[in-house]
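Step one of this worksheet: look at the structure below.
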Amino acid sequence: MDVFKSFRNAQGGETRVLDDIDLDIRKGEFFSLLGPSGCGKTTLLRILAGFEQPDAGAVLIGGRDMTGVPPNLRPVNTVFQSYALFPHLSVFDNVAFGLRQKGIGGAALRDRVGRAMETVRIGDFGTRKPDNLSGGQRQRVALARAIVNEPEVLLLDEPLSALDLKLRKELQVELSNLQETLGMTFVFVTHDQEEALVMSDRIAVMNRGRVEQLGKAEDLYERPRTAFVANFLGQSNLIPGKVQEVGPGGAVVMTDHGPLRTVYGADLNVGREVMLSIRPEKLRMERDDETEGNEVRARVDDIVYTGAENQYLLEANGQRLVAFQLNSDIGADEDFDYEEEVALYLPPASLVILEEG
Amino acid sequence: MTRRTHPALSAWAWLVYGFLYLPILVLIIFSFNDSKFGATWAGFTTKWYGVLLAREDVREAVTNTLLVALSSTLISTVLGTLVGLGLWRYSSRFRLPLTFLLVTPIVIPDVVMGVSLLMFYSLVRGGLELTGWTFENGFWTVMFAHVTFQISYVALTVRSRLAGYDRSLEEAARDLGASSVQSFLRVILPLALPGVLAGALLAFTLSLDDFVVTYFTSGSGFRTLPVLIYTSVKKGVTPDINALSTLLVLFTVIAIIAANAIMRPRAGRGGEA
């Protein structure tokens, strides 16, 4: 059974924290809510948990209407950003809290708590108090405390944001492995686009209380629908233009750089103003222009060395463009210099047409 | 290695502590003085403690004091704990004014508290007489007067005890299947308990040795220990009153030490009152 919820929510007079959200989260998937702070993703999570109520609309979990049901009666558990471990209870008692609440005790309790603690590799910490644990260990306790209840949906509110980079990368992998092993539905809130791309089956990119785009990581990255998505997930070059020609193989868009061909936009009307988007790593920098068109003359303004790649800031017909070139030793002579005039090739398959300008 | 303190500094410290505690020390010493008149030392005795216990008015005052202290502490602990929890739990724009209103009874002069409570009680009495009811100043008026200033101490102690804890703890409990009552009993109350107990002990000692407010609200027939001591001293300081005062000091000190001991485990996390 699918996990489904849809609601319109208007809060605090003029500003809508969440506006007309309609999401259908599938059973057993790793679903991420990604967006900048203040976009409403945490509010949405809290509505799923039952800590807040939508002003309008309904929340359905496993087909059952959960709107207005208090948090203790919902088949969901939350991993809090602050962990919220009970400081007066040992690790074991923290993990056992939910099961004891359901009246489970004795050997069954010990067995299930023990297994949950093994799963997140804190088997030896049972008697410790949360105050005597490191950040990563607390995170694991918070996780064990939630999954031991075998909820239909596990809600995770930026659970990795307080950890340092190395530990965060480790736990990203562990979390997505855990989700696969348990087959549990995870709803993961994050503002870290890389985290979302690495871990999720599907991502909802949120902005100002709305879902901008919903899809798999590759879809969002390769075919962003709005300028916000194009720039929140990675970086993009945005080129404004007007549709000049439309054919079955795509459209030709007239820009400041001349006509550019794209494989998209076969259904657009001629004369429409559009915004083209292309990822910096998909631009090909060349010394001489003798290819099949879709080329832009540009000059190297600045070079940023980041290790794995060189980032070129380019000036082309009064517009700022960015191109990333892999720092490969093959063809080391292909590094470009400051002020050098280059030709940029924009592959038609990488030129995406955004829905709005 | 301890650093040596400058002799002048330690002399000054002795002077300050001497100034604070010498009068009490003198009082305690003279409660063991075998002489009917305070000024000269005439040998060690404990007979004044016996005299004290034999006095009917002292026994009655002790009973009154304990009854008032116990019942006012019970009421103020329940109410004050709820106020403290509320201040911790809700972030409202009234939080600052509410905290200010809580501190007021602590800093306001006792005399003002006493006079205002006296006026309040006579106003209430005036209103009640219209319906044919009335009451005398005595146990109830003193007890509720004590509750008014005790609540502040309990609330502030409970709030500072909880100050270091994340408010999402309660949400975590709800999330794990606890109703709001269960999450209060299993998570919030255990965390607040040391603050509640410390606040209660503080409230108890405040009630035990309150004189001014009690004097104004007790009427003529009802006397607590501090009031009894005051009225006795008006007739001249006698050694049995010294003994009585010594006992009062002893009870207060024990309660304060206990309150501190209860709060101490949280000292490292900034929860000290």
**Q.** Total formal charge among the other residues, if their Cβ is under 9 angstrom from that of B:LEU87, Lys/Arg +1 and Asp/Glu -1
**A.** +3
Q) Rounded to the nearest 10 Å², what accessible area does B:ARG186 show when all protein chains are kept and the probe is 1.4 Å? A) 80 Å²
Q. Measuring from label point to label point, each 7 Å out along Cα→Cβ, what is the A:LYS27 to B:VAL26 span in nm?
A. 8.6 nm
Q. Helix by helix, which DSSP H runs in chain A go 24 Å or more along their axis at the Cα atoms and have an average Kyte-Doolittle hydropathy of -0.5 or more?
A. A:165-182
**Q.** Relative contact order of the stretch B:146-273, pairs being alpha-carbon contacts under 8 Å that are 6 or more residues apart, as %
**A.** 38 percent
Q.
Under the rule a/c < 1.5 gives rounded, and otherwise a/b versus b/c splits prolate from oblate, where does the stretch B:56-113 land using the Cα gyration tensor?
A. oblate
Q: Any chance you could give the angle, 0 to 90 degrees and rounded to 10, that helix B:139-162 forms with the longest Cα principal axis of chain B?
A: 50 degrees
Q) Distances over 18 Å make up what percent of all Cα-Cα pairs in the stretch A:33-129? A) 59 percent
Q) What nm value, rounded to one decimal, do you get for the distance between A:GLU174 and A:SER37 when each label is placed 7 Å out toward the C-beta? A) 2.6 nm
Q) Got the relative contact order for chain B handy, in percent, Cα pairs under 8 Å and 6 or more residues apart? A) 31 percent
Q: With a ≥ b ≥ c taken as the square roots of the eigenvalues of the C-alpha gyration tensor of the stretch A:3-231, please select rounded if a/c is under 1.5 and otherwise prolate if a/b is larger than b/c or oblate if it is not?
A: prolate
Q: May I have the pair-distance distribution P(r) for the protein assembly as shown, computed from all Cα-Cα distances with 10 Å bins from 0 and rounded to whole percent?
A: 3, 12, 16, 16, 14, 12, 11, 7, 5, 3, 2, 0, 0
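What FRET efficiency would be calculated for the residue pair B:PHE100, B:THR134, taking the C-beta separation as r and a Förster radius of 35 Å, to the nearest 0.05?
The value I calculate is 0.45.
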Q: Take the alpha-carbon centre of the stretch B:119-191, take the same for the stretch B:200-249, and report the distance between them in whole Å.
A: 26 Å
**Q.** Rounded to the nearest 20 debye, dipole of the stretch B:56-269 from Cβ charges on Lys, Arg, Asp, Glu
**A.** 740 debye
Q: Take the alpha carbon gyration tensor of chain B, find the square roots of its eigenvalues, order them as a ≥ b ≥ c, and report rounded if a/c is under 1.5; if not, report prolate when a/b exceeds b/c, else oblate.
A: oblate
Q: Lys and Arg at +1, Asp and Glu at -1: add these up for the other residues within a Cβ distance under 12 Å of A:ARG202 and post the number.
A: -3
Q) What percent do you get for the relative contact order of chain A when only Cα pairs under 8 Å and 6+ apart count? A) 15 percent
Q) How high is the FRET efficiency from A:GLN319 to B:VAL181, r the C-beta distance, R0 56 Å, rounded to 0.05? A) 0.30
Q: Note down the nm distance, to one decimal, between modelled labels 7 Å out along Cα→Cβ at B:ILE257 and at B:LEU70.
A: 2.3 nm
Q: Count the net charge of all other residues whose Cβ sits under 14 Å from the Cβ of B:GLU171, scoring Lys and Arg as +1 and Asp and Glu as -1.
A: +2
(Q) Running a GNM on chain A with Cα contacts under 10 Å, which residue among A:PRO240, A:PRO87, A:PRO259 ends up with the highest mean-square fluctuation? (A) A:PRO87
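The values are calculated or read from the model by the stated rules, or taken from the named source; none is laboratory data. Given the structure is predicted, the values throughout are model-derived calculations rather than measurements. In this analysis, Cβ positions are derived from the backbone assuming ideal geometry, glycine residues included, and neighbour counts consider all displayed protein chains. For accessibility, only protein heavy atoms count, side chains too; no ligands or nucleic acids. Shrake-Rupley method; radii C 1.70, N 1.55, O 1.52, S 1.80 Å.
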